[in-house]
Amino acid sequence: MRSAVACRKLRGQASVELALLVPLGLVLVFAVLGVARLGVAALSLSAVVRESARAGAEGTSAADAFERAYARGQVVATEDGLRLANLDLQVDTSDFGPAGQVRASARYAVSLVDVPFLGIGQLQVSRAHAEPVGTYRGIGL
């Protein structure tokens, strides 16, 4: 049978261990949340540039391809929950034409200010995609 002093020592030891491990556990949880936020932003940004370039490749002229690509990129970004103020979408239709390509690239500033214990402000995520234009696209019939 344990004495009252021995039981108090064990409870005190458990309290000290808990006091040491809780902050470490919280930092780990918040770090996982920050990495998850970056991962979601990277996936969403990939969808934005892919859909933007694909929409541009379906255009009838370079100007039409640019308008389609930029508009589609904005729509996909909004649907995926990205803030348009933090999004920098660039569409290049200079190589538009038969067997050419439409290129889209984007940068997004992911804010981690509200994630405690990390002390990180904003991180930039960037993606790019090139979509080939069909061989007979843009040729008037």
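All of the numbers you see were taken from the coordinates with simple rules; none came from a lab. Please read these numbers as outputs of a predicted model, since none were measured by experiment. We place every Cβ from the backbone using ideal geometry, glycine too, and count neighbours over all the protein chains shown.
Sticking with the crude label model, points 7 Å out along Cα→Cβ, report the distance from Arg83 to Gln122 in nm, one decimal please.
0.8 nm
Can you work out the Karplus-derived ³J(HN,Hα) for every residue in region 16-31? Use 6.51 cos²θ - 1.76 cosθ + 1.60 with θ = phi - 60°, whole Hz, and x for glycine or proline.
So the Karplus estimates, Gly and Pro as x, are 5, 4, 5, 5, 7, 8, 4, x, 5, x, 5, 4, 5, 5, 5, 5 Hz.
Name the longest site-free stretch of the chain, where the excluded sites are chymotrypsin sites (Phe, Trp or Tyr not before Pro) in a DSSP loop with no more than 15 other beta-carbon atoms within 10 Å. Mind showing how you got there, number by number?
Values: sites that count: Phe117, Tyr136.
That gives 1-116 as the longest site-free run.
Tell me the angle of helix 62-79 to the major Cα principal axis of the chain, expressed in degrees between 0 and 90 and rounded to the nearest ten.
The angle comes out near 20 degrees.
Dipole size in debye (nearest 20) for region 40-141 around its Cα centre, Lys and Arg Cβ +1, Asp and Glu Cβ -1? It would help to have the intermediate numbers written out before the result.
On the way: 9 positive and 11 negative charges, 25 e Å.
Using only the charged Cβ atoms, the result is roughly 120 debye.
Short version: ³J(HN,Hα) in whole Hz for each residue of region 80-97, in order, from phi by Karplus 6.51 cos²θ - 1.76 cosθ + 1.60 (θ = phi - 60°), x for Gly and Pro, what are they?
Taking θ as phi minus 60°, the curve returns 7, x, 7, 7, 5, 5, 9, 9, 10, 9, 10, 10, 10, 10, 5, 9, 6, x Hz for region 80-97.
Collect residues whose amide H, placed 1.01 Å from N in the peptide plane, falls under 5 Å from the amide H of Thr60; neighbours closer than 5 in sequence don't count.
Ala65
How long are the semi-axes of the equivalent ellipsoid of region 37-111, taking √(5λ) for every eigenvalue λ of the Cα gyration tensor, in whole Å from largest down? Write down the numbers at each step before the final one.
Details: eigenvalues 112, 21, 17 Å².
Value: 24, 10, 9 Å, ordered largest first.
Return the tail of the calculated pair distribution for region 67-107, meaning the percent of Cα-Cα pairs more than 14 Å apart. Please report the intermediate quantities before stating the final value.
Working: 407 of 820 pairs.
That fraction is 50 percent.
Using modelled amide H (1.01 Å from N, peptide plane; none on Pro or chain starts), what sits under 5 Å from the amide H of Gly100, excluding residues fewer than 5 places away?
Here Val133 satisfy the definition.
Enumerate the calculated ³J(HN,Hα) couplings along region 33-38 in order (Karplus 6.51 cos²θ - 1.76 cosθ + 1.60, θ = phi - 60°), each rounded to whole Hz, writing x wherever the residue is Gly or Pro.
With the stated coefficients, region 33-38 comes to 5, x, 5, 5, 4, 5 Hz.
Pop out the Kirkwood hydrodynamic radius of region 4-132 from its pairwise C-alpha distances, inverse of mean 1/r, in Å to one decimal. Working shown, then result.
On the way: mean 1/r = 0.0579 Å⁻¹.
Evaluated over region 4-132, this radius sits at 17.3 Å.
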